[in-house]
1. Take the conditions of a type in the set (Ser, Thr, Tyr), in contact with a Gly (Cβ under 7 Å, 6 or more places away or on another chain), crowded, with 20+ Cβ neighbours inside 10 Å and farther than 22 Å from Leu215 by Cβ and apply them to Ser96. Does it pass?
2. Kindly establish whether Arg103 is within 29 Å of Leu251 (Cβ to Cβ) and touching a residue at least 60 places away in the same chain (Cβ under 8 Å).
3. Could you list, in sequence order, all residues of segment 299-322 that are within 24 Å of Gln129 (Cα to Cα), assigned to a loop (DSSP other than H, G, I, E, B) and not polar (S, T, N, Q)?
4. Can you report the number of residues in segment 166-187 which are under 18 Å from Gly138 (Cα atoms) and surrounded by 24 or more Cβ atoms within 10 Å (Cβ to Cβ)?
5. Return a yes/no flag: does segment 221-242 have any residue that is part of a strand (DSSP E or B), touching a Gly at 6+ places or on another chain (Cβ under 8 Å), under 24 Å from Ser96 (Cβ atoms) and at pLDDT 95 or above.
6. Check whether at least one residue in segment 149-165 is in a helix (DSSP H, G or I), among the aliphatic types (A, V, I, L, M) and within 16 Å of the ligand (Cβ to nearest atom), and report yes or no.
7. Somewhere in segment 252-262, is a residue out of contact with any strand residue (DSSP E or B) (no Cβ under 9 Å at 6 or more places or on another chain) and either surrounded by fewer than 20 Cβ atoms within 10 Å (Cβ to Cβ) or polar (S, T, N, Q) (or both)?
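The values are calculated or read from the model by the stated rules, or taken from the named source; none is laboratory data. What you are looking at is a predicted structure, and each value in this text was computed from that prediction instead of being measured. Glycine also receives a Cβ, built like all others from the backbone with ideal geometry; neighbour counts cover every protein chain displayed.
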Amino acid sequence: MTVARLARCKILPSHLPRMHLPSAHRQMSIAAGLKNSSIFRSQGLIGGKWIGAHDGKTIQVNNPATGEIIADVPFMGRRETNDAISSAYNAFNSWSKQTAAERSKCLRKWYDLIMSHKEELGQLITLEQGKPLKEALGEVSYGASFIEFFAEEAKRVYGDIIPATLADRRLFVLKQPVGVVGAITPWNFPLAMITRKVGPALACGCTVVVKPSELTPLTALAAAELALQAGIPPGVLNVVMGNAPDIGDALLASPQVRKITFTGSTAVGKKLMAGAAGTVKRISLELGGNAPCIVFDDADLDVAVKGALAAKFRNSGQTCVCANRIIVQEGIYEKFAEAFSKAVQNLQVGDGFSEGVVQGPLINEAAVQKVESYIQDAISKGAKVLLGGKRHSLGMTFYEPTVVTDVKSEMLLAREEVFGPVAPLLQFKTEEEAIRIANDTNSGLAAYIFTNNVQRTWRVLEALEYGLVGVNEGIISTEVAPFGGVKQSGLGREGSKYGIDEYLELKYVCLGDMNRK
Ligand code: ADP
């Protein structure tokens with residue numbers, strides 16, 4: 001049966017995805033339990049002390065599944081950020097002089113503590129971010145893995161000796177920490193986006209001021225509490241939150257901050273890059289993507305469906321490596337659309353604490369409105385909604401897992417990152433056309449291809465203008481591999497042996513006059 005007929009026959013009615021009603025009562029008791037736990041913190045961390053905003057201002061942290069207020073956290077700004085920078089600057093002196101083995105031990109202890117509090121951290125992530133608990137627990141392991149990996153890498157920051165050009169000289173290269181780092185992180189991975197930055201920074205002797213997203217600060221604060229418990233000295237890790245532009249400006253303006261590392265939107269990344277020019281700071285940016293997921297006629301259908309499903313719907317489509325355009329060759333298009341839609345139809349939507357739920361709410365109302373406007377734009381330009389396409393009957397910010405066919409390159413769904421549970425299907429004829437469509441974007445973070453042809457695999461992966469490529473695989477992030485984009489998706493790499501270089505300066509030393517007696 002063709003996709004068009006399936007839609008006409010209403011075999012795929014939009015209300016079909018199974019649902020789970022949020023149990024407000026259960027969530028409240030989980031929240032109450034967490035508030036009594038030893039890792040729950042709702043103040044900023046500056047110089048090893050938990051403090052509020054100087055004027056007492058606070059902002060609420062909400063549970064996106066229920067709208068309930070989980071906590072109030074300080075609404076900080078320039079003043080608190082400058083205090084945090086000063087404490088990081090003071091701590092740099094002693095932290096950078098510790099031996100790599102000493103720093104490694106602290107990080108390893110931090111890793112152990114994160115893992116021994118995995119359940120509470122996972123619950124905190126689900127509570128403030130909304131992702132299903134199983135995914136949240138996966139994030140805790142993934143987030144912790146950066147601390148473990150960089151605890152090991154701390155001991156492997158080697159320099160070089162360069163063969164001298166003159167007999168009486170010796171040339172060598174030292175690697176030294178850049179200094180105080182400002183780390184600004186988003187809400188979609190409340191733990192992992194922090195550990196991916198703080199792990200390598202601390203490993204090589206930098207100190208850090210973290211500004212987590214105001215939507216999900218509690219996980220960051222809990223991780224910071226565990227860092228203190230692990231013996232990471234006061235001032236080495238500071239956390240401020242509140243007025244994002246003011247905090248960002250204070251970090252940018254300070255000559256004591258030598259590096260900014262950011263994960264978030266391309267628009268804010270560009271602002272930070274421009275702002276860093278004033279004090280010529282090092283900068284790493286991990287910005288938005290527009291990931292193509294190319295399915296060739298010769299792909300294994302089951303592998304392609306499973307891979308595309310994972311790449312699209314993880315975290316309800318709210319990751320920068322989510323498949324944003326599923327580009328399918330004409331010979332397999334109908335079959336793929338049918339099998340893929342059936343798989344999407346089985347995704348259970350609901351609050352992240354319910355058993356079996358794999359799709360939580362979107363982060364806020366603005367996120368849902370953005371998804372709605374992209375769907376409207378696509379429909380008005382001729383696309384067809386095969387499945388979903390509207391808010392979920394659960395209300396709040398729940399949105400139905402959606403499949404849209406007949407998507408064309410000029411539609412917003414193909415041009416911009418939808419950041420929601422919407423899979424747009426585009427069709428192509430030739431390999432050249434697939435590559436042209438895939439590269440027709442300013443973004444260049446992740447790309448996925450599904451094919452069983454070895455020669456094609458090499459041709460296409462080399463032609464793709466992307467920093468990460470998954471071949472017959474939809475989930476590719478790991479702490480041991482370099483993560484980062486090309487074009488307007490960013491600068492620098494995180495994770496892996498390459499990730500630590502972002503926090504190191506090279507110092508070339510020329511030792512002269514060797515032959516003097
Ligand atoms: P998203 O749309 O995914 O929330 P943002 O780029 O807006 O992405 O947010 C990512 C992080 O950047 C968050 O911590 C947010 O508070 C912060 N942020 C937003 N605007 C600014 C700014 N002008 N300066 C510094 N940080 C900012």
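1. On the way: of a type in the set (Ser, Thr, Tyr): yes; in contact with a Gly (Cβ under 7 Å, 6 or more places away or on another chain): yes; crowded, with 20+ Cβ neighbours inside 10 Å: no; farther than 22 Å from Leu215 by Cβ: yes.
Here the answer is no, as Ser96 does not meet what is asked.
2. yes
3. Cys320, Val321, Cys322
4. Residues that pass the stated criteria total 0.
5. The answer is yes, given that some residue of segment 221-242 is part of a strand (DSSP E or B), touching a Gly at 6+ places or on another chain (Cβ under 8 Å), under 24 Å from Ser96 (Cβ atoms) and at pLDDT 95 or above.
6. No, segment 149-165 contains no residue that is in a helix (DSSP H, G or I), among the aliphatic types (A, V, I, L, M) and within 16 Å of the ligand (Cβ to nearest atom).
7. Residues of segment 252-262 out of contact with any strand residue (DSSP E or B) (no Cβ under 9 Å at 6 or more places or on another chain): 253, 255.
Keeping just the survivors that are either surrounded by fewer than 20 Cβ atoms within 10 Å (Cβ to Cβ) or polar (S, T, N, Q) (or both) gives 253, 255.
Checked against the condition, which is being out of contact with any strand residue (DSSP E or B) (no Cβ under 9 Å at 6 or more places or on another chain) and either surrounded by fewer than 20 Cβ atoms within 10 Å (Cβ to Cβ) or polar (S, T, N, Q) (or both), segment 252-262 yields at least one hit.
Rundown of residues vs (1) out of contact with any Cys (no Cβ under 8 Å at 6 or more places or on another chain); (2) in contact (Cβ under 8 Å) with a residue 40 or more places away in the chain; (3) surrounded by fewer than 16 Cβ atoms within 10 Å (Cβ to Cβ), yes/no style:
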| residue | (1), (2), (3) |
| --- | --- |
| Ala414 | yes, yes, no |
| Pro421 | yes, yes, no |
| Gln427 | yes, yes, no |
| Val454 | yes, no, yes |
| Thr478 | yes, yes, yes |
| Gln488 | yes, yes, no |
